[in-house]
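The values are calculated or read from the model by the stated rules, or taken from the named source; none is laboratory data. Predicted model only: the values in this text are computed from it and were never measured. All Cβ positions, even for glycine, are placed from backbone atoms using ideal geometry, and neighbour counts span all protein chains on display. Heavy atoms of the whole protein, side chains included, go into the accessibility calculation; ligands, DNA and RNA do not. Shrake-Rupley method; radii C 1.70, N 1.55, O 1.52, S 1.80 Å.
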Amino acid sequence: MKRFSAITMTIFALLTLHSSTAFAGYGDQQNESEPNNSSAQATVIEEGTEVYGQIDRYDESDYFKITFNHYGPIRIMLSDSQTYPQNYNLYVYDDKLLLVGKSEQPWDGYEDEVYIPNVNGFKPYYIEVRKGAESKWSNGKYRLQAGW
Ligand SMILES: [Ca+2]
Ligand SMILES: [Ca+2]
């Protein structure tokens, strides 16, 4: 009986997650929502959505919160601003804010990328876009996308 109710709960959670993501995902675009300078203020994003943000004059970090409604591999990609080249780096944390991946690629035209071999589909992850030490604020926007 206990096992049965756990399965029922899981199915219910899957249906709920599915219906809540019906209007967001691959092909959609979204902007960050400031203030998002800590995990508690993170902008909620969806898998596949192209997210645009900016490290402005008073910004050091932008945080995003994402829950994948499945298990399996995930790539998180960050493109620095092309109009005003700056180096932004990528940090990924689990629901307990433990670092699970990072990418500190310098600005050289390549994207920052964090690969997670098997995400937990029922716990949120936090993504931080942080200004590199040598970089300044910028008017240009970065692009962030998590998916596969
Ligand atoms: Ca920002
Ligand atoms: Ca911010």
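Per-structure values
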| item | result |
| --- | --- |
| Residue pairs meeting the criteria (Cβ under 6 Å; at least 6 apart or on separate chains; first within 13 Å of Q54 (Cβ to Cβ), in the range 22-43; second within 16 Å of ligand 2 (Cβ to nearest atom) and part of a loop (DSSP other than H, G, I, E, B)) | N36/A42; T43/E32; T43/S33; T43/N36 |
| Condition check for F68: open to solvent by less than 10 Å² (accessible area, probe 1.4 Å) and within 16 Å of ligand 2 (Cβ to nearest atom) | no |
| Flag for E128 being within 15 Å of ligand 1 (Cβ to nearest atom), in contact (Cβ under 8 Å) with a residue 12 or more places away in the chain and of a type outside the set (G, A, S) | yes |
| Failed condition for N87, given (1) surrounded by 16 or more Cβ atoms within 10 Å (Cβ to Cβ); (2) away from ligand 2 (no atom under 13 Å from the Cβ); (3) at pLDDT below 95; (4) more than 17 Å from E134 (Cβ to Cβ) | (4) |
| Extreme residue, nearest to ligand 2 (Cβ to nearest atom), among residues of the range 31-48 that are within 22 Å of Y115 (Cβ to Cβ) and not β-branched (V, I, T) | A42 |
| Residue, most open to solvent (accessible area, probe 1.4 Å), within the range 20-48, restricted to residues that are modelled with pLDDT under 95 and at positive phi | G27 |
| Subset of the range 55-65 [within 12 Å of ligand 2 (Cβ to nearest atom) and surrounded by fewer than 19 Cβ atoms within 10 Å (Cβ to Cβ)] | D56, R57, Y58, E60, S61 |
| Residue match in the range 113-125 (condition: open to solvent by 10 Å² or more (accessible area, probe 1.4 Å), under 16 Å from Q145 (Cα atoms) and part of a loop (DSSP other than H, G, I, E, B)) | yes |
| Boolean, D56 is in a loop (DSSP other than H, G, I, E, B) and either out of contact with any Ser or Thr (no Cβ under 7 Å at 6 or more places or on another chain) or touching a residue at least 40 places away in the same chain (Cβ under 8 Å) (or both) | yes |
| Filter pass, Y110 being over 14 Å from the mean Cα position of the chain (by Cα) and more than 16 Å from ligand 1 (Cβ to nearest atom) | yes |
| Among (1) part of a strand (DSSP E or B); (2) more than 14 Å from ligand 2 (Cβ to nearest atom); (3) crowded, with 17+ Cβ neighbours inside 10 Å - the single one V51 does not satisfy | (2) |
